[in-house]
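Structure first, then comments.
The values are calculated or read from the model by the stated rules, or taken from the named source; none is laboratory data. Since this is a predicted model, take the numbers as computed values, not measurements. Note that we place each Cβ from the backbone using ideal geometry, even for glycine, and neighbour counts take in every protein chain shown. Each accessible area value is taken on the protein alone, full model and side chains, heavy atoms only, with ligands, DNA and RNA left out. Shrake-Rupley method; radii C 1.70, N 1.55, O 1.52, S 1.80 Å.
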Amino acid sequence: MYGKKLDSNDPNHHSSNTHTKTSREPPPNHEFSYRWFRGPTVEPCAYEGCPRRTSFSPHDWSKHALGGSGCSLQCVSAQSSLYKATFCNSDCFVKAWKTQYTIQSSGSNSDGSGNHGIPQARSSTPLRKRTGSYCDDDRSVGSQSTSGNDGNYIPATPGDSNSNNSSTTTMNNPYSAQLSNEDTEWIEISRDQLYIPHTDDIGRKLKVEASAYSVDTGELLMHRVVKTDLVLSRTPEPEKRNLVTAKPAGGGGARFRIVTYNILAEIYATQQQYPYADLWALSWDFRFQNIIREVVDVGPDIVCLQEVQADHYESHLYNAMHEAGFEGVYKQKTRQAMGMTGKVDGCALFWRRTKFHLVESYSIEFNELAQRQVTQGMGLNPRSEEGASILNKLSKDNVAQLVVLETAQPSMSRGNREPNQVCIANTHLYSNKDCPDVKLWQTLHLLQELETFIMARGPANLPLMICGDFNSTPDSAVYDLLSRQLVHPGHPDVNTGDENGPSVLPDIMSITHSHMLGSVYNTVLGEEPKFTNYTMQFKGVLDYMWYSTRNLRPLSAAPIPDESVLTRHGDALPSTQYSSDHLMQISDMQIVSGGSR
């Protein structure tokens, strides 16, 4: 998206707060013990018309559904019929208040055993009390989400509740052997370090007790108790996106379905950037389940993804796609990681193993192309003032992927063998809206690299598709170059002025290429979508699927959902339904020969 901001927290900044839990002495040799408990059934809201009394869908528990507030309220008026009733938000409280009535007190007793006239609570939440004497934490946590085998979601416990990687021990825990009266309805369900919620947990809270014991003496060194918020069910499936079919044409060869999708890397999914989204709905564990389901459910043969975080490709995405029948390659941006290893995004490209096999795979680094232009194309010393200034402007760490795929079952008819290879490029261009010349430079050099690559493979033109997030709207010079093979000399993107830094573009007559490209969505639907990126800050088209018109034919495309659908469960994207700020584009393509379109 435009102007995506990185988290402003400085990892090297140290708080001036003198209070710390860090011990000066190294911890003794120890083992951890864990106990997981499932809480009692809780009535989340006393208002009988509240959907959250019966539904634990993430849609009904988002800030959007709660009217922007996740704060529960309790009636404290002892003379009200709603005394001690708990409500999930202010709206439900206001609606219930219209039905309340006043109860006159007939006695002075105010204790629970002998009060006369003071109504009993219709719904109440137990007071939270510290049940232990050593470092208990009875707070409710809900800043992250983890997913279970049954597709349930639950706010995850913070790292300090099980921060040691030592193996779980089965030793008895005398500290928590006796539960307090408050905890008599909590049922122990596991003693493993990791617990994955199940269907039985939906609508209940979970609690974990973590204890550390000295290996040498068995002494209890630490005890901590953490409760979660209510376990939510799996997000309901989104509405199916129907394909619009293009005007039929005869002939042609192999067909395939291709998608492109910017999935929003975790390093950018912050509440500073998306304040309208719930923090738990921004967490990668929650969003990954929605994204992988959305991608796999459309049955693609080729998948182009952008903003794929390096560590998530290794830990989540590759394994999930491989299990779904895909093979893939990954290329991360050339900048340094944000803090921990793997905290950098890049592009991932997958293909269905039963449909294609890989012939060639390459990656393009725009920083390297900038270095080559400064030294070879312009003859400048990269350490000179002019050379360094140009390099600084062009070196934005963006990358592109290039693969050649061959159909797994090519036509073998003699003398009339159908073309069975296709070249797929996947890229993510620079996002800064104030640097259109940099994006145009990246597009020009990407097209030149592809031109050289395809021409080197002989006169038989290789079918080409270029997919990705181009961070450029249909009125940009980038769009003109891709669709018209040139840019008008008066276009504002090529006349940015001296205040935008050194000029990096060649003469306007040199900004051209030999590819004959068409936009899939414009060809099939007659126009580009209204938007492919939908946030509070920006709504517009940034993502495209381009194809070589000589030897590829778009058969269909899936229209982008209407705004009414996108805002059903959130003010903008991401939301509990759509887990990226971008929308996936889907198309069926066909390889053709003889120059037919």
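Miscellaneous remarks
- Leading residue by the ranking (most open to solvent (accessible area, probe 1.4 Å)) among those in the range 30-56 that are more than 19 Å from Lys227 (Cα to Cα) and out of contact with any strand residue (DSSP E or B) (no Cβ under 7 Å at 6 or more places or on another chain): Glu48
- Complete set of residues in the range 344-355 that are in contact (Cβ under 8 Å) with a residue 60 or more places away in the chain and over 27 Å from the mean Cα position of the chain (by Cα): Lys355
Here is a yes/no grid of residues against (1) part of a strand (DSSP E or B); (2) over 26 Å from His491 (Cα atoms):
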position: Gly339; (1), (2): no, yes
position: Phe350; (1), (2): yes, yes
position: Thr354; (1), (2): no, yes
position: Asn392; (1), (2): no, no
position: Ala425; (1), (2): yes, yes
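- A Cβ distance below 7 Å, combined with a sequence gap of six or more or placement on separate chains, defines the contacts here; from the range 382-397, residues that are hydrophobic (A, V, I, L, M, F, W, C) reach residues that are open to solvent by less than 30 Å² (accessible area, probe 1.4 Å) in the pairs Ile390/Val374; Ile390/Val504; Leu391/Ala370; Leu391/Val374; Leu394/Ala370; Leu394/Val438; Leu394/Trp441; Leu394/Val504.
- Set side by side, the residues Leu391, Leu380, Leu405 differ, and just one is touching a Phe, Trp or Tyr at 6+ places or on another chain (Cβ under 6 Å), open to solvent by less than 40 Å² (accessible area, probe 1.4 Å) and over 18 Å from Ala477 (Cβ atoms), which is Leu405.
- Scan of the range 448-465 for residues that are over 12 Å from Ser548 (Cα atoms) and crowded, with 18+ Cβ neighbours inside 10 Å, ordered by number: Phe453
- Some residue of the range 221-229 being closer than 25 Å to Gln577 by Cβ, open to solvent by less than 10 Å² (accessible area, probe 1.4 Å) and in contact (Cβ under 8 Å) with a residue 60 or more places away in the chain: yes
- The one condition from (1) under 30 Å from Met589 (Cβ atoms); (2) without any contact (Cβ under 8 Å) to a residue 40 or more places away in the chain that Leu517 does not meet is (2).
- Note on the range 223-326: no enclosed helices (runs of 4 or more DSSP H) hold 1 or more residues that are of a type in the set (Val, Ile, Thr) and touching an Asp or Glu at 6+ places or on another chain (Cβ under 9 Å).
- Single residue of the range 529-561 satisfying the filter (among the charged types (D, E, K, R) and open to solvent by 30 Å² or more (accessible area, probe 1.4 Å)) that is modelled with the lowest pLDDT: Arg550
- Scanning the range 490-528 for residues that are of a type in the set (D, E, K, R) and open to solvent by less than 60 Å² (accessible area, probe 1.4 Å), we see that the one that is farthest from Asp543 (Cα to Cα) is Asp493.
- Of the residues making up the range 230-248, those that are over 20 Å from Tyr578 (Cα atoms) and without any contact (Cβ under 8 Å) to a residue 60 or more places away in the chain are Lys247, Pro248.
Results for (1) open to solvent by 40 Å² or more (accessible area, probe 1.4 Å); (2) basic (Lys, Arg); (3) free of Cβ contacts under 8 Å to residues at least 12 places away in the same chain, shown as yes or no for each residue.
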{"site": "Gly250", "(1), (2), (3)": "yes, no, yes"}
{"site": "Val259", "(1), (2), (3)": "no, no, no"}
{"site": "Ala265", "(1), (2), (3)": "no, no, no"}
{"site": "Ala277", "(1), (2), (3)": "no, no, no"}
{"site": "Asp285", "(1), (2), (3)": "yes, no, no"}
{"site": "Val298", "(1), (2), (3)": "no, no, no"}
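- Scan of the range 230-245 for residues that are closer than 19 Å to Gly299 by Cα and either in contact with a strand residue (DSSP E or B) (Cβ under 7 Å, 6 or more places away or on another chain) or open to solvent by 60 Å² or more (accessible area, probe 1.4 Å) (or both), ordered by number: Glu237, Glu239, Lys240, Arg241, Asn242, Leu243, Val244, Thr245
- The range 57-77: number of residues that are open to solvent by 40 Å² or more (accessible area, probe 1.4 Å), more than 21 Å from Lys207 (Cα to Cα) and more than 26 Å from the chain's Cα centre (by Cα): 4
- Met465 meets each of the listed conditions (1) in a loop (DSSP other than H, G, I, E, B); (2) over 30 Å from Tyr274 (Cβ atoms); (3) under 30 Å from the mean Cα position of the chain (by Cα) apart from (1).
- Any hit, the range 481-489, residues being open to solvent by 30 Å² or more (accessible area, probe 1.4 Å), within 25 Å of Ile302 (Cα to Cα) and within 34 Å of the chain's Cα centre (by Cα): yes
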